[in-house]
Amino acid sequence: MSLIKFILRLCILAFFGAVWLLAGVYLYLSPNLPDVETLRDVQLQTPMRVYTRNGDLIGQFGEQKRSPLRFDDIPKPFIEALLAAEDDNFFNHRGIDFMGLLRAVSELVLTGEKGSGGSTLTMQVARNYFLTLDRTFIRKFNEILLAIEIERALDKREIFELYFNRVFLGHRAYGFEAAAQVYYGKSVNELTLAQHAMLAGVPKAPSRNNPLSGPQAAKERRDWILGRMHLLGYISREAMETAQAAPVSAQHHGARISFAAHYAAEMARQQMLDLYGNDAYTRGLNVYTTIDSHLQQTARRSVINGLIDYDNRHGYRGPERKLGVAQDETSMQRWRDALARTAVIAGLQPAVVTSIDPADNSATLLLGDDSTGELLFTNGVSSARPYRTENYVGPAPRSITDVLEVGDMIRVQPNDAGQWRLAQVPAAQGALISLDPSDGAIISIVGGMGFELSKFNRVTQSKRQPGSNFKPFVYAAALEAGFTAASIINDAPIVMADSSLEDIWRPENDSGEFYGPTRLRWALTKSRNLVSIRLLQQLGVRNLISYIDKLGFDTAGLSPDLSLALGTLSMSPLQVATGYAILANGGYKVEPYLVTRVEDMKGNILFTADPFTVCRDCDQPGAAPDGSAELSMEEILAGTQPATTKPAPRVMEERVNYILNSMLRDAITRGTGRKALVLERRDIAGKTGTTNGPMDAWFSGYNSDIVTTTWVGFDNYTPLGRKEFGGTAALPIWINYMREALATSPESMPPLPTGIVNVRIDPDSGLLAAPGQSNAIFEYFRQEYVPKRSPSGSGALPGGAGTDDLIEDIF
């Protein structure tokens, strides 16, 4: 009896000792425990996502891939799979599951392997959000105490949601929704039972149990979880066996980008980095841009096709690499490795020629996905005339062996019939920028042939000479100064020694010919260089620089010489397009912008764009006191714009703008942009541009709804070829894009401003036509600059000045 009493006393003492020990541990640790209430406002590190105006995802930036879901959005089969794997008593315990701990220990003793974990989901939440992964008793006690506190502060649904969205699951995926995207390219709601169980098994060992790094271990863990689900009554035996028989179907998937718009996404990323610093990558920002999804894809396709067409005119440069003949499996693996390291650029896939059949005039190809294909001589090989220079190509090949050898790494693309066709990555580069002229919103932007090839954005970063693409601004300055579209300038040779220019300058027209006295309208239509130079000489270079500075061009460092008439200043395509927006919108200065608004993870608006917007009625009675334009309630409710808009300042006189637009419409109907007539629009205007070499080919054109600039050239400033001009290299890209861009834009001609008259003139002199003159034409004039009628037939001059003053020889 005394022994029993001794044992009883010993147990009581041990119990109270344990209680005192636990109390001591609690009193020691509790002051340093973090406040679990912070879990209510936890900010998960979520990547930044960039969207078009249509809601399509075009970019995701951030090291951690995460897509948080609410508990109500998590599918029940996945919840059950995760409970079976980690904590089947989760909805019953209060943070610590003693039965689960005993089960985990027994499984370890009986099988030698760890099956279900001893830590509850709540304990894992405590560990993931507050603690390190150090395997110490202190950390474990902290984990238990925190789990108890978490259970007191949050309900079960909130705790499950925290675990679901935070746990690391391999391959930079945090949370199960992100893991579903990474491994299966789908939302967790779209997965099968087998895939749910597969994901539920990853947290135990993310680097080993994920289905990419360890497919066999992952499958074993999956099948064990499916067995547990059946044991717990979550699924039937038939469902278990069916899911266990399913193969491992995981593949690595990147972000579910809707389509390629890398240059736009990168611009948005940089802007967010400027605004928010490195926090932009972890705050879960949703960045909405001005990009139009359909037109952005059209723009990229137009640039790619335009550059390929240019490249095809200049010959085949041969294989990208020569890998040699494969003698054995090691050599074949070398081919595969080379293909794996070679990026697909703009849909042009790398392939290795594995064999050639001269009799059939065909070649067998090995492609990057380890599949094989056939390349026929008639599919691009027969037209692969060898490149000699940009001006010359060699003879057409007679056989496939004239072009290809075994071991050649080439590029191919599928044709309309699904057959492989020989291709090559163009050596030339191109760019396209499209703006809404009413406020400068960037509708489409393509900064090069492919972001995979070069991340250099030629729309914003490349500074090139615009050539004749700049002439409209010279003519605008002249019209503002009192010249008219009928003013006569002598198209004659110029030889000039200028200290600001190198040596002797002998500019010429593209044709090499001279045409004598020429009206300004016709000179701009035909892009006559010598007329532009003489016009600038009479206008004054300083006056031009002052005028384009008012338009918003960067004039710092401009050399004040007459070569500016030919567009020798350096500008980016974005700067050119911004200038043309002034022509398209009636004479107002707008600034290009890309981001319309930024929201945080909860939908709170952090930033809203407030662009300068064209407002033709702001100076009219009824305008807001500050000159801003009042919006209707429907307009306010339809978007995120403020109740008033900032009116864009007028920088070009309305009548000058109207006359210049009519001249640029002539450049399309009768001038260097005639190819654009294929669009069958009367309301489009534009101008080509070609620089010496030629090294740069441009076209900028617009109507009142959209303005677009295209550019083609080499990054290393080598010539494009003597038969390449703005009208042959850049204009076709513009046409293919604008065909789609104008599809929803009704044809609309600008209204005739007050103070403009349309009178009949003599086309040779530019003066008023004589009564009954048979060859008279109509011309627009500002009413104070209507020319006089002169019986001598002299030219029409600004403000009635004499002809001799206007066309005197400059020598």
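The values are calculated or read from the model by the stated rules, or taken from the named source; none is laboratory data. It should be emphasised that the depicted structure is a prediction, and the values quoted were computed from it without experimental measurement. FYI the Cβ positions are ideal-geometry reconstructions off the backbone, even for glycines, and counts take in every protein chain you see. Just the protein is used for accessible areas: all its heavy atoms, side chains included, with ligands, DNA and RNA removed. Shrake-Rupley method; radii C 1.70, N 1.55, O 1.52, S 1.80 Å.
Annotations
- Each label was represented as a point 7 Å from its Cα along the Cα-to-Cβ direction; for Asn305 and Leu232 these points are 5.5 nm apart.
- Estimated distance in nm for a label pair at Arg722 and Asp554, the labels positioned 7 Å out from Cα along Cα-to-Cβ: 3.5 nm
- In nm, spacing of pseudo-spin labels at Asn128 and Ala153 (7 Å Cα→C-beta vector): 1.6 nm
- Only protein atoms count toward the accessible area here, which uses a 1.4 Å probe; on region 147-218, the carbon and sulfur part of that area reaches 47 percent.
- Share of carbon and sulfur in the accessible heavy-atom surface of region 302-444 [1.4 Å probe, %]: 46 percent
- Protection proxy ranking, peptides 328-336, 233-241, average beta carbon neighbours within 10 Å, highest first: 233-241, 328-336
- Here the gap between Val344 and Glu513, fully extended at 0.36 nm per residue and compared with their Cα-Cα distance, gives a gain of 56.2 nm.
- Stretching Gln327 away from Asn692 to a fully extended chain increases their span by 126.4 nm, per 0.36 nm per residue minus the current alpha-carbon distance.
- Using a Förster distance of 41 Å, the FRET efficiency for Arg388-Glu680 (Cβ separation, nearest 0.05): 0.60
- Cross-link reach list, lysines versus Lys589, counting only Cα pairs under 24 Å and skipping chain neighbours closer than eight places: Lys463, Lys471, Lys550, Lys646, Lys687
- Protection proxy ranking, peptides 579-585, 676-682, 771-777, average beta carbon neighbours within 10 Å, highest first: 579-585, 676-682, 771-777
- Region 688-741 shape via C-alpha gyration tensor axes, a/c threshold 1.5: prolate
- With K and R counted +1 and D and E -1, the other residues having a Cβ less than 10 Å from that of Val202 yield a net charge of +4.
- When each of the peptides 567-578, 440-451, 252-263 is scored by the mean number of other C-beta atoms lying within 10 Å of its residues, the order from highest to lowest reads 440-451, 567-578, 252-263.
- A Förster radius of 35 Å combined with the Cβ-Cβ distance from Asp370 to Lys463 puts the calculated FRET efficiency at roughly 0.20.
- Cβ-defined net charge surrounding Met601, 11 Å radius [Lys, Arg +1; Asp, Glu -1]: +2
- Proximal lysines relative to Lys204, as straight alpha-carbon distance under 16 Å, when same-chain residues fewer than 8 apart are discounted: Lys114, Lys219
- If you sort the three axes of the alpha carbon gyration tensor as a ≥ b ≥ c, you get a/c of 1.5 or more for region 374-415 and a/b above b/c, which makes it prolate.
- Cut-off 11 Å between beta-carbons: net charge of the residues surrounding Gly380, Lys and Arg +1, Asp and Glu -1: +2
- Mean-position separation - Cα centroids, region 411-457 and region 238-305, in angstrom: 18 Å
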